[in-house]
Structure formats: structure tokens, C-alpha cells
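For reference, the structure is listed below as C-alpha cells.
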Amino acid sequence: MPQTNILFTCAGRRNYLINYFKQALNGTGSVIAVDMDVNASALIDADIFLTVPSIFDENYISFLKDVCKTHKVAAVISLNDLELPILSKHKKEFEDFGTKIIVSNEEVIDTAFDKWKTYQFLKANNLLTPQTYIDLNKALVDLEDNKLNFPLVLKPRWGSASIGVDIVESKEELMLSYQLLKIKLSRSNAGKTSVIDMNNAILIQEKLGGKEFGMDILNDFHGNYYGSFAREKLSMRCGETDKAKSVINIDISNVGKAISEKLKHLGTLDCDVFVDEDKIYVLEFNPRFGGGYPFSHEAGINTAAIYIEWIRGGNSISAFNNYKENMVFAKHDTLINIPVLGEL
């Protein structure tokens, strides 16, 4: 069997994904990780680690192509929302020399990255989602008319990992938070991209009660639905799930299937939902491995092994799906020694 080498871009601190794929390959390929930070923790566990230019550098794509050709990379997996549209745009160029880019098309990525378009997508497909505003004045009018009530959630229109999310409980707090969030967003990496319209950059959303769930919605590499794997979020930390319990719920899974069939994303999609009074509301989704994936993996869905099987052109994946409910897992901090290869 030829070697199946996998390249993770923007690898950062996702050591668990590096190790899941190494375990799934079991010596039949290498895991290569690249990042612009020479001291990224992923370098410790990757078989090969390379530093690359910023994803916004004009030489970034040509550098990645050289890496793929040199190391005979079978597939590239990105872990950065801002990189997804860049790779999608150049996808065919990589596939022409034999490297598969596991990324959805630009329309799917735009729908996910732009949370206002996410809201419009959900409404258009009759999926429940919190009432959301892009116009501050419209939100203020509806507050006056009691069509909208505090508390409210403010968050960037573009972004992920709950960066910049704020909860407000009064008009005064709303106005202050809105202006502060605009300033912070303008300084962020997302704010530096060409797609950002700072006059329509903040979403105002009703705050739901109930329980929050994360869900991995898995499609094959042709956009066909395979399954949904949910977990109840028991606690959060730094915008990521910190503790969770695996759940098997047909109603939540049906929502995942509906999203899959309408969106037609490739691979895994990280999705957040709320269950409030037996109604399921979709908040947002991102077409990549999310911070909640380890909970699904440890509960029995080995997406890493499934990916490798699909990359190799096979479809014998039933052995990799042993998902069990009521499995509780928690993340924890640990230290690893990193060789100092650059300035700290």
C-alpha cells in the first residue's frame, strides 16, 4: 500500500488531531504540520513540522504547493477559518498534481464564515435559529416595541471560537458594547480581510435558554450525508467546549441531516445548537474540525480513520463508527517541552 501523507495547515496547538491521524495511519503514512509560528506546540507530535509564511502572504500558496510535492502529500486539512476560502480558491491547482484539498466550495465557506449569511441560510431552509439583527437601529426599534427583549448576545458577523461575544442586559450596555466590539474587530485578523464591512460587522441576537449542544455533521468528500454526532456542552473555556457528554438524539441528528443536505459541505462540519422547550435552534456552523471534535472521537466516531479511508478511495468505514451516548470527557492542561527554534 502506498504511503498516505496528511498535511495539517495552521496546525497551532491541535496536537490531539495530529495524534488521532497518526494512530489511524498506523505507520502507513506521515502527518505533516505547518504553521507560521516556529514554536507551535503541534511540532512536537507531527512526523514532520515546517514553518510557513502567513496565510495572507503572496507566497503562501506556492510554498504549500512545494511542501505537498516534496512530501507527496495525499490530502491537506486546514484548521483555520480564515484560510479556508484561500485554499478553496486554489483547490484545483493542488488536485492537478495529485493532492486533495479537503475543503468545501467558496459558497459554503462564505455561508459559514459570514454569520449573517448563516442566519439567512437557516431561515431560508426553515430551520429554527435565534432572532438576529445586523441593523442596530432596527434592533433598538424592536426593543422599544417589545418585539425583542434583553438579555441579548452581541458577536462579530465574521469569526469563530466565540471571539468577541458579549451578553448585554440594558440599552446602555448594548450601545457601549456595540462600539467597543467594532473597535476590537477592526484590530483582529478577521478585520484585516477584504470581506469585512465594518458598518455591518456586528450581529445582535436574542439569547436563548435551554441546553447547548455541539454536533459534528459528517459528509463524504462528495457532499453526501453520513451522520451527525452530538454532545451536550457541560462547560466552556476560551470559546471552546471544555467538558461534554455524548448524546444520541434523533431530533438533533435530523437537524444535522437537514443542514447537510442543504449545505452540501465536504467532510466534517462543527455545529452549535440550543434545545429550548423541546425546540432545536441552530446558532452557527464551521466547515472544519472544531474544538469539540475530541469529545466525539473519544465517544467512538473515528473521523480521522474515516477520512483516511475516503482519501484512499475506499468506503469500508463501519468499523470506525462505534458512537456511544453518556460518555463524559473533559479537557485538561498539560505542558510539553518545545525546542526553541525561533524568537519567543
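The table below lists the values:
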| item | result |
| --- | --- |
| The range 206-217: number of residues that are crowded, with 23+ Cβ neighbours inside 10 Å and out of contact with any Cys (no Cβ under 8 Å at 6 or more places or on another chain) | 1 |
| Some residue of the range 180-187 being outside any strand (DSSP E or B) and on the phi > 0 side of the Ramachandran plot | no |
| Extreme residue, surrounded by the most Cβ atoms within 10 Å (Cβ to Cβ), among residues of the range 234-263 that are in contact with a helix residue (DSSP H, G or I) (Cβ under 9 Å, 6 or more places away or on another chain) and of a type outside the set (A, V, I, L, M) | 241 |
| Residues of the range 267-288 satisfying the condition of being out of contact with any strand residue (DSSP E or B) (no Cβ under 6 Å at 6 or more places or on another chain) and buried (at least 21 other Cβ atoms within 10 Å of the Cβ) | 267, 288 |
| Exclusive hit being farther than 29 Å from residue 158 by Cα and not assigned by TED's automatic domain parsing to the domain that holds residue 201, set 19, 59, 15, 39 | 19 |
| Scope the range 300-330; condition under 23 Å from residue 266 (Cβ atoms) and either modelled with pLDDT under 95 or assigned to a loop (DSSP other than H, G, I, E, B) (or both); matching residues | 300, 302, 312, 313, 314, 315, 316, 317, 323 |
| Identity of the residue in the range 132-163, assigned to a loop (DSSP other than H, G, I, E, B) and buried (at least 20 other Cβ atoms within 10 Å of the Cβ), that ends up nearest to the chain's Cα centre (by Cα) | 160 |
| Count of residues meeting criterion [β-branched (Val, Ile, Thr) and part of a strand (DSSP E or B)] in the range 213-261 | 3 |
| The lone exception for residue 291 - which of (1) out of contact with any strand residue (DSSP E or B) (no Cβ under 7 Å at 6 or more places or on another chain); (2) assigned to a loop (DSSP other than H, G, I, E, B); (3) of a type outside the set (Lys, Arg) it fails | (1) |
| Leading residue by the ranking (nearest to residue 262 (Cα to Cα)) among those in the range 117-130 that are surrounded by fewer than 16 Cβ atoms within 10 Å (Cβ to Cβ) and in contact (Cβ under 8 Å) with a residue 12 or more places away in the chain | 125 |
| Of residues in the range 1-57 being touching a strand residue (DSSP E or B) at 6+ places or on another chain (Cβ under 7 Å), among the aromatic types (Phe, Trp, Tyr) and farther than 15 Å from residue 83 by Cβ, the one surrounded by the most Cβ atoms within 10 Å (Cβ to Cβ) | 21 |
| Residue count for the range 142-187, restricted to those that are touching a residue at least 12 places away in the same chain (Cβ under 8 Å), more than 23 Å from residue 288 (Cβ to Cβ) and among the charged types (D, E, K, R) | 5 |
| Which numbered condition residue 43 fails, given (1) modelled with pLDDT of 95 or more; (2) out of contact with any Gly (no Cβ under 7 Å at 6 or more places or on another chain); (3) outside any loop (DSSP other than H, G, I, E, B); (4) aliphatic (A, V, I, L, M) | (1) |
| Condition broken by residue 20, with the remaining ones in (1) among the hydroxyl-bearing types (Ser, Thr, Tyr); (2) in contact with a helix residue (DSSP H, G or I) (Cβ under 8 Å, 6 or more places away or on another chain); (3) more than 25 Å from residue 301 (Cα to Cα) satisfied | (3) |
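Residues are listed down the side, and each one gets a yes or a no for (1) assigned to a loop (DSSP other than H, G, I, E, B); (2) in contact with a His (Cβ under 9 Å, 6 or more places away or on another chain):
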site	(1), (2)
39	yes, no
56	yes, no
74	no, no
103	yes, no
108	no, yes
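The values are calculated or read from the model by the stated rules, or taken from the named source; none is laboratory data. This structure is a prediction, so every number in the text was calculated from the model and none was measured. Ideal geometry is used to build each Cβ from the backbone, glycine not excepted, and the neighbour counts take in all protein chains shown.
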